[in-house]
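Derivation of every value follows stated rules applied to the coordinates shown; laboratory data play no part. Model, not experiment: these values are computed from the prediction. Neighbour counts run over all protein chains shown; Cβ positions are idealised from the backbone, glycine included.
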Amino acid sequence: MKTSYIKRIVIIVIAVFVAVNVFWFIDVFKPYFSYVQTMKESEYYRVEDGDVCYPDGYLCEVAMPTYLYWKDGNLSVASPIEGEYSGHADLVIWIKHYSGDVSEVGSFLTYKGESREVYLKDSATAINSDDQPWVDANQEDLEMVFLKAEDVWGIEL
């Protein structure tokens, strides 16, 4: 009797674990995986550097979500500065679970010697009006990183 009860509990625990893993894979991991596949088809893809693309010197990559964590993962485009990356207009794109559609877009912008994370409606408009001067000062660079994201992943921003 006791052995039968323990077997049931073990089977239920394993079934719940498998169900959570399958749901996480379909809901969170699969949309990001499809962006990696799209990126691999790009003419800019270079396998020797990992899963990244270099369209015209810009660094494009997919940050895969952490196992069984629902709150991370993103697509990013880093603008080159004197041979290095991460600078005056780096784009971060968060996508919706399951569908893979764009959820939010943000950028790390530099303005008057300071850096700030700014959430964007589009390449020319900040969500918070206090951040608009940062967007205006980096307009040309923002347009370029938006174009690179659209070129590599085929998404409309």
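Sequence-distant contacts, meaning Cα pairs under 8 Å at least 6 residues apart, place the relative contact order of the chain at 16 percent. Overall size of the chain from C-alpha positions, given as principal axis extents largest first: 73, 38, 25 Å.
State which stretch of the chain is the longest one without any exposed trypsin sites (Lys or Arg not before Pro), exposure meaning a DSSP loop state and at most 11 other Cβ atoms within 10 Å. Show your work: numbers first, answer last.
Working: sites that count: K71, K112.
Longest gap between qualifying sites, sites excluded: 1-70.
A Förster distance of 35 Å, applied to the separation of the beta-carbon atoms of I14 and S42, puts the FRET efficiency at 0.30.
Give the residue list of GluC sites (Glu not before Pro) in segment 65-155 that are DSSP loop and have at most 12 other beta-carbon atoms within 10 angstrom. Mind showing how you got there, number by number?
Values: sites: E82, E84, E104, E114, E117, E140, E143, E150; in loops: E82.
In loop regions of segment 65-155 (DSSP not H, G, I, E or B), the sparsely surrounded GluC sites (Glu not before Pro) are E82.
Spin-label model, R116/Q139: points 7 Å from Cα along the beta carbon direction are separated by 1.8 nm. Couplings for segment 16-31, taken from phi via the Karplus curve 6.51 cos²θ - 1.76 cosθ + 1.60 with θ = phi - 60°, read 5, 4, 5, 4, 4, 5, 5, 4, 4, 4, 6, 7, 10, 6, 4, x Hz in order; Gly and Pro are left as x. Close amide-amide hydrogen proximity is noted between A89 and S79, each under 5 Å apart and 5 or more residues distant or on a separate chain (H modeled in the peptide plane; Pro and chain starts excluded).
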